[in-house]
């Protein structure tokens with residue numbers, strides 16, 4: 001029996017396969033409230049943590065999503081490194097940060113929070129007498145190297161060996177073709193709670209070959225929630241600053257529920273009650289569609305880019321799979337249909353939008369156990385990998401491994417110290433896009449690798465090093481640095497440091513996870529301060545481990561959206 005895990009921004013799904021049959025596991029179906037009973041929702045495990053109001057203990061899933069306190073969600077979105085251009089006024093090399101969430105007045109790194117969610121999935125499987133000790137875990141096709149590494153690290157911390165990381169759109173294609181074995185060119189339009197990914201691949205009846213992939217890291221259901229919240233606030237005419245934490249949480253979840261209703265064609269308008277303010281607001285479907293139409297229009301950009309990268313005209317696509325909850329919006333399906341043809345879009349009942357990814361991961365996991373099946377998959381890189389260099393007022397970007405190279409992918413370069421008598425050589429590793437600076441919003445910093453040299457040399461050329469980059473089949477980056485003159489190996493390993501101070505990612509995480517999970521039984525202390533740091537309308541503290549302090553006056557938040565622009 002093999003397992004696949006779709007670790008999602010809003011919800012996660014676990015599936016299992018024995019090579020012949022595949023099924024999803026009901027991880028948290030007993031806790032789903034009646035108002036959330038939607039198709040496929042019983043198979044979802046909300047990727048949410050929270051502190052129970054009275055007991056002050058940690059809870060997960062549906063209990064956390066509907067808790068009266070302040071839930072922490074969208075952890076997955078924070079596992080990716082910050083875009084190099086995301087902060088105005090940044091000077092020099094792109095800064096990398098580990099994000100934090102606040103629970104019970106304490107900060108926890110998001111990798112530890114993600115590990116706690118993985119641990120809950122493993123525990124739920126154990127209650128069904130299943131051993132979820134290894135699995136294939138899915139990631140967005142356009143996940144950065146940092147996001148991939150952190151996702152794998154989180155699962156490992158929870159005691160789940162990651163057999164491979166599989167791109168979510170490809171996993172959906174695996175699930176669909178397992179049921180309906182029709183070869184051809186596929187376009188998978190994966191639009192869920194946090195991200196949008198569009199992948200073009202070819203399936204010949206046996207082998208899967210990714211041709212291209214594009215995406216947007218922060219465009220999903222959370223942005224639709226935010227758009228509806230803005231509508232309500234505009235009608236209210238003010239920010240309801242005096243709501244209690246319980247009322248704020250009700251606000252967030254009511255917004256999400258109203259969004260689900262408004263996205264149905266049979267909806268006309270919905271009321272929204274704010275008892276604490278003594279007001280009832282009404283939003284029509286037409287108003288809401290007008291507010292979200294720019295999001296749908298923007299979602300077509302990666303679709304067109306993926307087709308262009310693959311050199312395929314819209315008419316060259318045989319099958320379109322639309323997965324993820326946001327992809328099921330009628331207007332989104334119509335927009336895709338206008339480009340690719342509605343007759344090519346597979347009905348949702350043939351490729352379940354909420355569970356296809358987990359099912360595909362479980363099938364892929366089974367294939368890895370079979371020597372005759374494990375080589376069926378040919379995946380590609382999602383970004384240009386390269387290095388940064390000084391180029392006047394901006395940071396230049398030198399690509400080394402190009403986008404859409406088949407994994408396993410390799411490339412290398414020669415580097416010299418920046419000055420005479422240097423004791424080390426610095427290599428800034430960037431995932432970006434050729435033609436754009438390394439400090440632009442098209443670039444994602446992976447690591448600032450500082451490699452000690454054997455000895456200082458007056459002539460920098462005598463201390464030149466050869467750097468070899470290698471993506472493995474999961475898109476995890478390894479680096480080997482060799483001293484050119486002496487052939488001495490200086491570094492050989494995976495990139496596991498994504499912080500300013502060079503601290504390895506996993507340093508101290510095990511202890512942090514134990515401390516976090518201990519609060520499932522041991523109450524958090526009531527410090528009298530809010531349990532989350534809120535920046536803007538969000539609930540997540542960003543920065544290094546010693547940086548965040550809880551805010552005294554949290555304002556209204558809707559699903560932790562606005563601050564999570566990674």
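Please arrange 248, 419, 253 by counting, for each residue, the other beta carbons lying within 10 Å of its beta carbon, fewest first.
Neighbour counts put them in this order, fewest first: 419, 253, 248.
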Cα-based radius of gyration of the range 411-473 once divided by 2.2 N^0.38 Å, which approximates compact folds: 1.29
Inter-label distance for residue 342 and residue 233, nm, one decimal - labels placed 7 Å from Cα along Cα-to-Cβ: 3.6 nm
Part-to-part distance (alpha-carbon centres) for the range 107-131 and the range 33-78, which is given in Å: 14 Å
Burial ordering of 121, 354, 300, 1, fewest other beta-carbon atoms within 10 Å first: 1, 300, 354, 121
The range 282-377: radius of gyration and largest Cα-Cα distance (Dmax), Å: 16.8, 59
Distance between modelled label sites at residue 301 and residue 491, nm, 7 Å Cα→Cβ extension: 3.3 nm
Pairwise centroid distance, computed over Cα atoms, of the range 340-354 with the range 192-217, Å: 15 Å
Chain lengthening between residue 520 and residue 394 when straightened (0.36 nm per residue, less Cα-Cα): 40.6 nm
Neighbour-count ranking [beta-carbon atoms within 10 angstrom, fewest first] of 59, 351: 59, 351
Label-point gap, in nm, between residue 267 and residue 328 - each point 7 angstrom along Cα→Cβ: 1.3 nm
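Which number do you get for Rg(Cα) / (2.2 N^0.38 Å) in the range 384-494?
For the range 384-494, the normalised Cα radius of gyration comes out at 1.07.
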Where N is the number of residues in the range 442-494, Cα Rg divided by 2.2 N^0.38 Å: 1.32
Stretchable slack from residue 179 to residue 455, in nm (0.36 nm times residue separation minus alpha-carbon distance): 93.3 nm
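Rule-based calculations on the coordinates, nothing more; no lab input. Keep in mind it's a predicted model, so treat the numbers as computed, not measured. Every residue, glycine among them, receives a Cβ derived from its backbone with ideal geometry; neighbour counts consider all protein chains shown.
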